[in-house]
Amino acid sequence: MKNNKPVKLDDLVGEIELQIEDTFTYINSKTGEVITLMREEIGAAEDEKPLENFPEWQRENIEKAISIIEDEDEVYIDFTLRNDYNEYEIIQDFIATLEDEDIRDELYDAIQGRGAFRRFKDGIIEQGVDKHWYNYKESKIKELVIEWCKEHDIEIQ
């Protein structure tokens, strides 16, 4: 289904970069809005719990969750790409692009076992390749988002 309004690429990339547990992301194909909801908000909508049982700041999201659940016109598109995005694989691919064999070896060692992400982040800073990593990661996320949007016939800007 072709959406009526383009979705901002940066909004979608930002959602993937956040990767917050127990959240779900949807695109409103009519407005281009990117909506992130917590599991609790979706549960409240599904269970039809009274809005007054929730703090004011959460009520708007529960109302959006109700709209998504009751969406018979297929206006909302699920953009929860948690299973399509694997940062560990991107890290491995990034390390393989590094020309300096010593840096590659050090970073490969860093990403083994518990605490791999922390050691990797410390290692890229120590080796001075952190900016290179963040640019690489962003470009890979953009590729994933662009491909996903093409597959789902969603226009991006």
Seminar exercise, completed: Placing each pseudo-label 7 Å from Cα in the direction of the beta carbon, ASP130 and ARG104 end up separated by a distance in nanometres of 2.4
For this session: Mind giving me the nanometre distance, one decimal, between the label points for PHE54 and TYR88, set 7 Å out from Cα along Cα→Cβ?
Result: 3.3
Exercise. At GLU72 and THR97, where each label point lies 7 Å from the Cα along Cα→Cβ, what is the point-to-point distance in nanometres?
Worked result: 4.8
Exercise. In terms of Cα to Cα distance under 30 Å, which lysines are near enough to LYS131, apart from those fewer than 8 places away along the same chain?
Worked result: LYS8, LYS121, LYS140, LYS142, LYS150
For this session: Can you tell me the equivalent ellipsoid semi-axes for the chain? Use √(5λ) from the Cα gyration tensor, largest first, whole Å.
Result: 37, 19, 11
For this session: Can you tell me the relative contact order of the chain? Whole percent, Cα pairs under 8 Å, sequence separation 6 or more.
Result: 32
Problem set entry | Percentage, to the nearest whole number, of Cα pairs in segment 1-90 over 15 Å apart | 61
For this session: Could you pull out which residues in segment 31-51 have an amide N less than 18 Å from a spot 7 Å beyond the Cα of ASP22, following the Cα-Cβ vector?
Result: 36-49
Exercise. Using only helices, what value at 222 nm comes out for the chain when you add -39,500 (n - 2.57) per DSSP H run of length 4 or more and divide by the total residues, to the nearest 500 deg cm²/dmol?
Worked result: -17500 deg cm²/dmol
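No lab work stands behind these numbers, since they all come straight from the coordinates. Everything quoted here is computed from the prediction, not taken from an experiment. Heads up, the Cβs are rebuilt from the backbone with ideal geometry, glycines too, and the neighbour counts pull from every protein chain shown.
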